[in-house]
């Protein structure tokens, strides 16, 4: 096998260097059929790779649109683009799944940046009000600190990535909370520690 590869390399070199006949290749042929060869070591580097995608968004951003005691719009006339749900405090609200791909063996952090510091806020034109919530990712619950939800993870993902369920848990709802449409936008990312 090594001889064949060597001869092929020599032939390729000869054509690139202008050899025209078989006699021009004479000095490039090995002189002994059992000559020893040098070992070639190829060393590669695989960079660290961390990525998170959402099955409920086209990118790493998710617009949350909650309806509190108002009917959601009919599907053909959607006025509020984003992930729509009815606001309720009795159980978690499922948003979808995050797919985490990692070849990092050590710890890393999933970050979700909230445009409203972890609160669903009324849309312009409605009475000003907001409602806090906690974010659920892969069974972990976090509150926003300075507008950022943080989740600790570690280790390599399995083939195809680790699937992490994502949802929100509403804070206690004030009985005087105005009936309105509430929204927030989350941007997800993942960073090595």
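The values are calculated or read from the model by the stated rules, or taken from the named source; none is laboratory data. All values derive from a computational prediction rather than experimental measurement. Note: ideal-geometry Cβ built from the backbone for every residue, glycine included; neighbour counts use all protein chains shown.
Across the range 70-103, the qualifying residues are those that are surrounded by fewer than 12 Cβ atoms within 10 Å (Cβ to Cβ) and over 24 Å from residue 138 (Cβ atoms), and the one among them that is modelled with the highest pLDDT is 71. Report yes if some residue within the range 159-176 is in a loop (DSSP other than H, G, I, E, B) and either buried (at least 17 other Cβ atoms within 10 Å of the Cβ) or outside the structural domain of residue 87 (by TED's automatic domain parsing) (or both); otherwise report no. Checked against the condition, which is being in a loop (DSSP other than H, G, I, E, B) and either buried (at least 17 other Cβ atoms within 10 Å of the Cβ) or outside the structural domain of residue 87 (by TED's automatic domain parsing) (or both), the range 159-176 yields no hits at all.
Each residue in the range 184-193 was checked for being surrounded by fewer than 17 Cβ atoms within 10 Å (Cβ to Cβ), more than 15 Å from the chain's Cα centre (by Cα) and outside any loop (DSSP other than H, G, I, E, B), and 1 pass.
Are any of the residues in the range 104-114 at pLDDT below 95, within 16 Å of the chain's Cα centre (by Cα), assigned by TED's automatic domain parsing to the domain that holds residue 63 and within 24 Å of residue 48 (Cβ to Cβ)? Looking through the range 104-114, at least one residue is at pLDDT below 95, within 16 Å of the chain's Cα centre (by Cα), assigned by TED's automatic domain parsing to the domain that holds residue 63 and within 24 Å of residue 48 (Cβ to Cβ).
Yes or no, residue by residue, for (1) in a loop (DSSP other than H, G, I, E, B); (2) within 30 Å of residue 179 (Cα to Cα); (3) at pLDDT 80 or above:
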| site | (1), (2), (3) |
| --- | --- |
| 37 | yes, no, no |
| 41 | yes, no, yes |
| 44 | yes, no, yes |
| 66 | no, yes, yes |
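Name every residue in the range 132-150 that is surrounded by fewer than 21 Cβ atoms within 10 Å (Cβ to Cβ) and in contact with a strand residue (DSSP E or B) (Cβ under 7 Å, 6 or more places away or on another chain), in order of residue number. Residues satisfying the conditions are 132, 134, 138, 140, 141, 142, 143, 147, 148, 150.
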